[in-house]
Amino acid sequence: MGLYRGKRQEEHIKLATEYSKTQLNMGYLVNSQREKRGAGFELRTDSLSSPFAIKAGDPIGHMGYYQAPKDGGYEARYQVHIECTSMDDNLEKFLTNPERVGEKNPLWLKYAPGLVLYKKDITAGTFTKDTRVTTRSGILPLSQVQTEADKSTRQEYWQLRPENAYALKGQAEPQLLSQYDLARLGFRTETAEPASFDYLDGKKQPIGFFRNLINSLYEAATGDTRTSHALVKHNYQRLLDKIDSGSDRYSPMEYWRALHNPDYRDVIQKTIVKHPSDWYFKKGDALWQPFLNALKKDAPEWKKYSEDFLDKMAWMQDVTTEKLGPSLWHMHPIMFLGTILQRQRYVIKYTNYSSTLDLALDKQMALGSRNPLHGPQIGTNLGFAPVSRERVSSYLDPINYEIGENPNMFQFMILTSYIGIPKSAIASVLKGQGILDGKEDAFIQAAKENNVNEMYLVAHAIVETGHGTSTLATGNRYNGRTYYNVYGVGAYDGVAVSEGTRFAAKNNWDTPEAAIIGGAAFTSTNFFSRGQDTLYKMRWNPQSPGVHQYATAINWAETQASIIYKMAVKSPDNTIYFDYPIYAR
């Protein structure tokens, strides 16, 4: 509510900026039985006929109906908003887990930069000190960290898969942490003492709290060893310099986007902020005046509405029997509570391959030596074009992909099982995807019959059909009948439409549903049975690099993974399995 801007709310900010020339995300408030309409926005509210009891620990939120103008109409959706707050003065101490709760049952292994690494002689079964040390910090689920013993000394070692190396077991480092060791798991606190609720007004540089957040992102980017992200730290340094300059003009949206960089979302989501609450301050309080004065000048039709809204939203001053406000601790509800919970949603295994990364890269580049169109490519406005060795390496090297809840991780998701995600999650992604729109039942049936992950089938079809609009997807005539092909099966370069249609006719795919179900069997038979059961394996085949690869586009797996992610985040109750590749050194 108010200025709290949670995950996925950037569109709210943008629309508020464009249409009311403010940075306020109006939110929703349950307060009456009438509808309040503004300039393109709508607030529907309902009241309870009688109060209901709540107790400490009960989740409390609200659902609002949101409308905002856009080209050709308006956007409408229901949105649920949940707050996780605390007035406890002991919160900072709580994060340090002073009572060492869970110490005997750790769930995490954490290592720091500078940790000495060891390598294994596979033939002898012995370990020797490596010349390398860790260059970054890492936190791994302990259940997924294997231990191995030296056959000679019986000393045990932790296998650090992301580092492709081992660490001594039984030492002070790496650390073993429980889910209550929140500070050591990366949770930190900040205190905001703003002069106004209008944090990003485009005029006065947001020093203090906001600058600290940007600096924490700069530190995360500085410690990022991925070559593809080497320039990110310079952008954060530029913003820090701009804030420090005191310049009286800046782009609020630029700062906002920098704050919500998905590559470093954990930094922000693990930040707990103590800030003035908009549930406490009313329209007459000084914190609201810069915002209301700006409305008076730029959008006077919103000023009266906003004043009414703010006074109805504020309630803490009226509660005199409890210590409430004016400031409170505000934490990300999913990150904070999800860390404390023990349930494991993602199960990751690691597979070692005999090929080195350099050898695999050599074989990928060799594919284009005679004909560039047969080698690694990337899509451009002018069609597909060959790419450099360095750029291919940035997609091929698994180390460049963060292991955690992010889109790129899903190119390592194991595809050989139906997992039963909600049909609504599939329907939400298929909506607006041409011929595929409304075909969620067919994808579910295809996944069940062929024991294939349904999210993968959906993503594959969306990519191959150009969002459900390709000639093969929408139907093509062959011998007087129309046939459909939604996975591009048999659609070879240069003769894609004719051969893809011929393949569909051969298999009697005379409806989109038949193509969805029948095509799934081809993928299962021709790739999964060969052990290529992740998007990454289908694209790069680490077992035999350069051989039997599904696509030439270097971002083929990443593109589909981003679509899968949209469904996975709407399926919190499903356990998902991953297989992360480790190349030989």
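Would you tally the residues in segment 120-156 being over 25 Å from residue 400 (Cβ atoms) and either surrounded by 14 or more Cβ atoms within 10 Å (Cβ to Cβ) or more than 34 Å from the chain's Cα centre (by Cα) (or both)?
Of the residues in that region, 18 qualify.
Go through segment 340-384 and count every residue that is at pLDDT below 90, within 24 Å of residue 228 (Cβ to Cβ) and exposed (fewer than 13 other Cβ atoms within 10 Å of the Cβ).
4
Using beta carbons and a limit of 7 Å, which pairs, at least six apart or on different chains, have the first residue in segment 120-136 and in a loop (DSSP other than H, G, I, E, B) and the second one of a type in the set (Phe, Trp, Tyr)?
134/111
What is the residue count in segment 532-585 for residues that are among the aromatic types (Phe, Trp, Tyr) and assigned to a helix (DSSP H, G or I)?
Total meeting the criteria: 4.
Among the residues of segment 392-435, how many are more than 19 Å from residue 560 (Cβ to Cβ) and touching a residue at least 40 places away in the same chain (Cβ under 8 Å)?
Total satisfying the criteria: 5.
When you go through 535, 472 one by one, which is the residue that is in contact (Cβ under 8 Å) with a residue 12 or more places away in the chain, closer than 23 Å to residue 395 by Cβ and buried (at least 21 other Cβ atoms within 10 Å of the Cβ)?
535
When you scan segment 172-179, do you find a residue that is touching a strand residue (DSSP E or B) at 6+ places or on another chain (Cβ under 8 Å), surrounded by 15 or more Cβ atoms within 10 Å (Cβ to Cβ) and under 27 Å from residue 251 (Cα atoms), even just one?
no
When you check residue 432 against the structure, is it over 28 Å from residue 502 (Cβ atoms), at pLDDT 95 or above and either surrounded by fewer than 20 Cβ atoms within 10 Å (Cβ to Cβ) or under 25 Å from the mean Cα position of the chain (by Cα) (or both), yes or no?
The answer is yes for residue 432.
List the pairs whose first member sits in segment 326-348 and is over 23 Å from residue 281 (Cβ atoms), whose second member is modelled with pLDDT of 90 or more and charged (D, E, K, R), and whose Cβ atoms are under 7 Å apart, counting only residues at least 6 apart or on separate chains?
335/270
Is it fair to say residue 418 is touching a helix residue (DSSP H, G or I) at 6+ places or on another chain (Cβ under 6 Å), outside any helix (DSSP H, G or I), of a type outside the set (S, T, N, Q) and surrounded by fewer than 22 Cβ atoms within 10 Å (Cβ to Cβ)?
Considered against the rule, which asks whether it is touching a helix residue (DSSP H, G or I) at 6+ places or on another chain (Cβ under 6 Å), outside any helix (DSSP H, G or I), of a type outside the set (S, T, N, Q) and surrounded by fewer than 22 Cβ atoms within 10 Å (Cβ to Cβ), residue 418 comes out as yes.
With the requirement that a residue be assigned to a helix (DSSP H, G or I) and either touching a Ser or Thr at 6+ places or on another chain (Cβ under 9 Å) or among the acidic types (Asp, Glu) (or both), what does segment 299-320 give you?
Passing the criteria: 301, 302, 306, 307, 308, 311, 312, 316, 318.
Tell me which of these residue 286 doesn't satisfy, since it passes every other one: (1) hydrophobic (A, V, I, L, M, F, W, C); (2) under 30 Å from residue 180 (Cβ atoms); (3) more than 34 Å from the chain's Cα centre (by Cα).
(2)
Tell me which of these residue 486 doesn't satisfy, since it passes every other one: (1) at pLDDT below 90; (2) out of contact with any Phe, Trp or Tyr (no Cβ under 7 Å at 6 or more places or on another chain); (3) buried (at least 22 other Cβ atoms within 10 Å of the Cβ).
(1)
The values are calculated or read from the model by the stated rules, or taken from the named source; none is laboratory data. As the structure is a computational prediction, the values presented were derived from the model and not from experiment. Methodologically, a virtual Cβ is constructed for each residue, glycine included, from the backbone with ideal geometry; neighbour enumeration extends over all protein chains shown.
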